[in-house]
1. Taking H as built 1.01 Å from N, whose amide H comes closer than 5 Å to the amide H of residue 25, not counting residues under 5 places away?
2. Would you work out what percent of the accessible area of the stretch 142-215, with all protein chains in place, is carbon or sulfur (probe 1.4 Å)?
3. Decide, for the stretch 96-229, between rounded, prolate and oblate: order the square roots of the alpha carbon gyration tensor eigenvalues as a ≥ b ≥ c, take rounded if a/c falls under 1.5, and otherwise choose prolate if a/b is larger than b/c, else oblate.
4. Suppose a student asked you for the relative contact order of the chain, using Cα pairs under 8 Å spaced at least 6 residues apart; what percent would you report?
5. Can you compute 3J(HN,Hα) from phi for each residue in the stretch 74-83, using the Karplus curve 6.51 cos²θ - 1.76 cosθ + 1.60 with θ = phi - 60°, rounded to whole Hz and x for Gly and Pro?
6. Which links in 155/221; 46/155; 155/218; 11/46 stretch past 23 Å when you go from one Cα to the other?
7. So with the 1.4 Å probe, I'd like the accessible area per residue for the chain, rounded to whole Å².
8. Taking 8 Å as the Cα distance limit and 6 or more residues as the minimum spacing, I'd like the relative contact order of the stretch 111-187 as a percentage.
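The values are calculated or read from the model by the stated rules, or taken from the named source; none is laboratory data. Given the structure is predicted, the values throughout are model-derived calculations rather than measurements. Heavy atoms of the whole protein, side chains included, go into the accessibility calculation; ligands, DNA and RNA do not. Shrake-Rupley method; radii C 1.70, N 1.55, O 1.52, S 1.80 Å.
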Amino acid sequence: DTVFTARALTKTYTSGEVPVHALRGLDLDVSAGEVVVLLGPSGSGKSTLLNIMGGLDHATSGRLFFRETELTAMDDRELTAYRRRHVGFVFQFYNLIPSLTAYENVAVVTEIAERPMRPDEALALVGLEGRMDHFPAQLSGGEQQRVAIARAIAKRPEVLLCDEPTGALDSKTGIRVIEALLSINAQLGTTTMIITHNASIQDVADRVLFFADGRISKVHKNETRRASA
Ligand code: ADP
Ligand code: ADP
């Protein structure tokens, strides 16, 4: 059951003086329910790939499929519809609305989704059932990120794309955030891709993709995770 198929995917940014080849012919298959970690030096193309998979940007050449649907054949309007329906994003910075409670921050999304969870259900999935009426300023960084995760999954997206979700957190708090992502994967089966430098995620992922210079240079497969999950 394959969710993403990328073939010879390239991305070249031409906005500057010299073209930047961010992806140089990338091949990848992602299965439903997988947890995939993307590792590699800054500038190796990880965010570019996630942005294209999430319908935030267009590839330059090659093909990318979401199930049977070719994302690389879509225009902006179609990509927006795809993104709203199927993709949840988690970024390094939480972008919560400061004047809204945790509950209300999640409710902003559930009001426009097709078959959303209730905000309290989503917050319970990340262990924040006791913090629903707190404002962002009353929450720790890790708790704020977990609200952002609840917001991302409340519309029940098939895929969750996380760009350095623990980048602003200390390692102990980061682990709680990772546990929340794994718990969601286990309970909802959400296919999850995570860009991270956090070593503890690598051990619990199904696969670790090592990026170098716009390509996947090495893959580490964790055969034991599914069996123990
Ligand atoms: P990271 O290493 O965490 O991916 P970067 O600093 O490379 O972060 O990029 C952060 C964001 O800024 C990226 O999502 C990317 O879209 C954008 N970005 C990165 N490099 C450039 C650039 N040279 N010009 C314009 N935007 C860029
Ligand atoms: P990573 O996530 O691995 O740090 P990125 O995908 O952010 O790498 O960046 C890959 C390359 O593309 C880098 O050289 C970066 O500066 C460049 N880049 C990323 N986004 C943009 C952009 N919007 N405009 C121009 N260059 C960009």
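1. 9, 10, 11
2. The nonpolar share, carbon plus sulfur, comes to 46 percent.
3. Prolate is the answer for the stretch 96-229, as a/c is 1.5 or above and a/b outweighs b/c.
4. The value is 27 percent.
5. These are the phi-based 3J(HN,Hα) values: 8, 8, 4, 5, 5, 5, 5, 5, 4, 4 Hz.
6. 155/221; 46/155; 155/218
7. Here the residues of the chain average 48 Å² of exposed surface.
8. 39
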